[in-house]
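A short worksheet on the structure shown next.
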Amino acid sequence: MKRVPKPVFFVVALLILAFSFTAIFGISYYTGDNKTTVLKGISDIRWGIDIRGGVEATFKPAGDVDATDEQLESAKSIIELRMVSQGITDYELYADAKSDRIIVRFPWKEDSDQNAVEAIEEISSTAQLTFRPGDGHETTDIDSNGEYVYKTPSGDTAKTILMDGSYVESASAGMTTDKTTGKNSYVVQLKLKSSGDKNGKERFADITKEYLNQQVSIWMDDIMLSAPKVEAEITDGNAVISGDFTAKEAQDLASKINAGALPFQLETSNYGTISATLGENSLIAMAYAGVIAFILIAIIMILFYRLPGFVAVISLLGQMGLAIAAVSGYFPVFSSFTMTLPGIAGLILSIGMGVDCNVITAERIKEELKAGRTLDGALERGTKNSLSAIIDGNMTVIIVSIILMLVFGPANILSIIFGESTTGTIYSFGYTLLVGVIANFIMGVFCTRIMLRSVAGFKFLRKKWLFGGAKND
Amino acid sequence: MTDKTQTKAVSKAPLTDEEFVNKYNGGRKIIDFVGHKKIFFGISLAIIIIGIICNFIFGTQLDIQFSGGATLKFSYSGEINQSELTDFIQVETTEDRITTTYAQDLMGDSGTTVTVQFSGNDSIKTDIQKNLESDLQKKYPDNNFKCLESNSVDASMGFSFLLKCLTAVAIAAVLMVLYVTIRFKKIGGLSAGVMALVALFHDVAMIYFMYVIFQMPIDASFIAVVLMILGYSLNDTIVIYDRVREEKKLVGSKTDVGKIFNLSCTKCIKRTIMTSVTTLSAILVVYVVACAFNITSVQGFALPMIIGIISGCYSSICIAGPLWVMWQRHKKAKKLAAKAA
């Protein structure tokens, strides 16, 4: 057997320890309040929506609308714009042309008190801005602030649309001071298009001329925002919507108008929400589970396999480090991965499965010792004979994990047949399993073997009992 | 028989059982797995029959992920009369019957949770959740009602997801059998592959019956567990096949396959059990912690995994192996018969 120099054990073990430590805790330093991350650790992992909390929703055109591919794409880009303007950047968004569906998933912004349902309604509202004659409406509600809300146009107001949002160039929130009362109020200022076939400037001039001294109402979808009386002809292409807005309401409305109206009304066919507190609890729980499982398995391994068991625990630690590093983006070449609860479960499971190749090897060495071989001979044959079983066994888990990633992953071969879907939480289970197996192979086969051979060079450790042989040898 | 084979048979008489044990297993006892196959098959069949009966009695529940439907989960603090709360939710939401389940969070701080399950397979409008949340907060202002989780799935989308999952399981199974067939050509690749597949069906059936008996709805976790166990169980089977291949080389192909199998299996059973024990302890820890923290999604993932690991370990040794031996013996008998004729 090729002897491996004694110090190699310590070098490999220390490298593994150092690597795992940095992979778990990361390295970062503070300059003032700025945190600079040198190496990413567990705290830098990007968590999925089942941990951070978030929203997932599927929209489809309401009624029997058969949307064209262009319409669907434009609806998608409008939703995208709306999310960006709300500060949501970490989203997944797909348009499935075959089934006319738009699928979106996004996590909560940190420290925000967003209401899940409102967020869904917000991004899927049609946002059709219309100018209509008169102020006819069907229902009057009272909102939570005690203000009247007029809904659903009726009569002439319902029949005629004077102008819609497509004539608007841009919208912004602003403030005006009432000349008589001196009260400040928030408004939305519209800059109308002044050229092209949707010339809002001309159109608005015509409208204000035709309806001079009459009421014109401004609607957002089904809700009347305001119904001012036209007091003068407006030819400069600027219009103002007033309507008892708060600063935020005015801002939201302006960005809605800017993002544009959807080409059709959307209906929420699927949706799911998870609150951030629920996910946080789960994360703590899984952290406990991971630590307990590791300690338990370390004890089992050392009790049953003695020295090879101890070596196995070191390489298991290295395997965990590698798996975590592959998720957190520790190596700059691999981008970080969104981690979910099943993903963590997969990681913990791979601790249990990961010792398999150590178990196979250790059992083999034990067997060879019992067959009366010398320590070196047993080590040599034990490691050699167990390799094919380890490779074959790992191959099946690799096949499974790749298929798991295909089924639950984002766009892939299977989605050609079954339509687009968002990344399921189980996607990261497939990923951690795959990473676990590969890490297991590097650590469990390569590192374990080097360490074992090196350790066998120490005289005081050259006892068959330590490698699983009988006590008196 | 020709003279040549006769002389060979004389010069190398078949080993007695005792000699065989001494020569190949250092005198230690070889466990007779193949001989007990009737017991093993009997146990598995009994469980499968019980499972099928339960399936008829309880039926199979599909999770709303596959069937479509809606659930809402709220947390609240303090004590509220549960039937009163259920009635309130019923009145505030829909005329169709709703089902509520209550659970306590032992470790975390979400207090009591109530899950509202709507009947039927339709998704609900977002208004229902929004209104119910504000109604609950208004009616019980001191109980800190919060929506933890909501799910609403359209039936047609659920079905297409189910199809996708089943396709994936089929692809996985075919790929793995192909792999075994190619890798274990020397020990009758196809028979090894097909018998491994039978063992896999066995494991999937066990997981499925566990869902039926515990009345857990079949969801995406089920598919993940099934795929995972396919890989895990086959891993066990492969380690044994690998050993059979190795021992066959040592013992020679003249020896009865049953004997070779028993020998190989005896030699690697410790490994199979140890790996199952470590994997099982990892997932058991996950399950216990998930129960303590009331994380239903992880519980629903860990429990079937536990059953799958036990079944996967058992089926590799007690189902796939003996079946493979039967196939090989049958083939040999047919060959001899053909020769004799």
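Just so you know, all these numbers are worked out from the coordinates, no wet-lab data involved. Please read these numbers as outputs of a predicted model, since none were measured by experiment. Here Cβ is always computed from backbone atoms with ideal geometry, including for glycine, and neighbour counts include all displayed protein chains.
Below is a table of values for the structure above.
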item	result
Sites B:PHE201 and B:LYS138, calculated FRET efficiency, Cβ-Cβ separation with R0 56 Å, nearest 0.05	0.55
Stokes-Einstein D (µm²/s) once Rh is taken as the Kirkwood radius of region A:2-117 over alpha-carbon pairs, at 4 °C in 1.567 mPa s	69
Positive-end extreme of charge dipole, chain B - chosen from B:ALA341, B:ASN294, B:PHE56 (charges on Cβ)	B:ALA341
For A:GLU280, B:GLU79, A:GLU210, A:GLU56, order by how many other beta-carbon atoms lie within 10 Å, fewest first	B:GLU79, A:GLU210, A:GLU280, A:GLU56
Whether region A:237-282 is rounded, prolate or oblate, judged on the alpha carbon gyration tensor where a/c under 1.5 counts as rounded	oblate
Region B:187-255 versus region A:64-125: alpha-carbon centroid distance in Å	43
Gain in span if fully extended, B:ASN131 to B:LEU190, counting 0.36 nm per residue against the direct Cα distance	15.2 nm
Electrostatic dipole magnitude of chain B [Cβ: Lys, Arg +1; Asp, Glu -1; Cα centre; debye, to 20]	3520
All-pairs alpha carbon distance profile, region A:127-255, 5 Å steps from 0, percent	2, 11, 19, 24, 22, 15, 6, 1, 0
Hull volume in cubic angstrom per residue (convex hull over the Cα atoms of chain A)	190
For residues of A:386-394, the mean tally of beta carbons on other chains within 10 Å	6
Number of partner chain Cβ atoms within 10 Å, mean per residue of B:234-242	6
Computed magnitude of the charge dipole of the protein assembly as shown (debye, nearest 20; Cβ of K, R +1, Cβ of D, E -1)	8060
Linear extension gain, A:SER335 paired with A:TYR30, 0.36 nm per residue minus alpha-carbon span	107.5 nm
Centroid-to-centroid separation of region A:172-244 and region B:56-102 [C-alpha atoms, Å]	48
Neighbour-count order for A:ILE348, A:ILE391, fewest beta carbons within 10 angstrom listed first	A:ILE391, A:ILE348
Prolate/oblate/rounded label for region A:283-440 (Cα gyration tensor, a/c 1.5)	prolate
Fewest-first ranking of A:VAL437, A:VAL38, A:VAL333, using other Cβ atoms within 10 Å as the exposure measure	A:VAL333, A:VAL38, A:VAL437
Inter-probe distance in nm under a simple model that places probes 7 Å from Cα toward Cβ, at A:SER43 and A:ASP197	5.9
Diffusion coefficient, µm² s⁻¹, Stokes-Einstein with Kirkwood Rh over alpha-carbon pairs of region A:93-195 at 37 °C and 0.692 mPa s	183
Two-site FRET efficiency, B:GLN82 against A:ALA287, from Cβ-Cβ distance with R₀ of 51 Å, rounded to 0.05	0.95
For A:294-300, mean number of other protein chain Cβ atoms within 10 Å	3
FRET efficiency for A:GLU138 and B:THR99, using Cβ-Cβ distance with R0 set to 25 Å, rounded to 0.05	0.10
Helix-only [θ]222 nm of chain B, DSSP H runs n ≥ 4, -39500 (n - 2.57) each, per residue, nearest 500	-23500 deg cm²/dmol
Ranked packing of A:454-460, A:224-230, most packed first, by mean Cβ within 10 Å	A:224-230, A:454-460
Hull shadow area, averaged, region B:70-153 [alpha-carbon convex hull, nm²]	5.1
Extension gain from A:ILE302 to A:ALA247, taking 0.36 nm per residue of separation minus the Cα-Cα distance	13.3 nm
MRE, 222 nm, helices only [DSSP H, n ≥ 4, -39500 (n - 2.57), over chain A, to nearest 500]	-15500 deg cm²/dmol
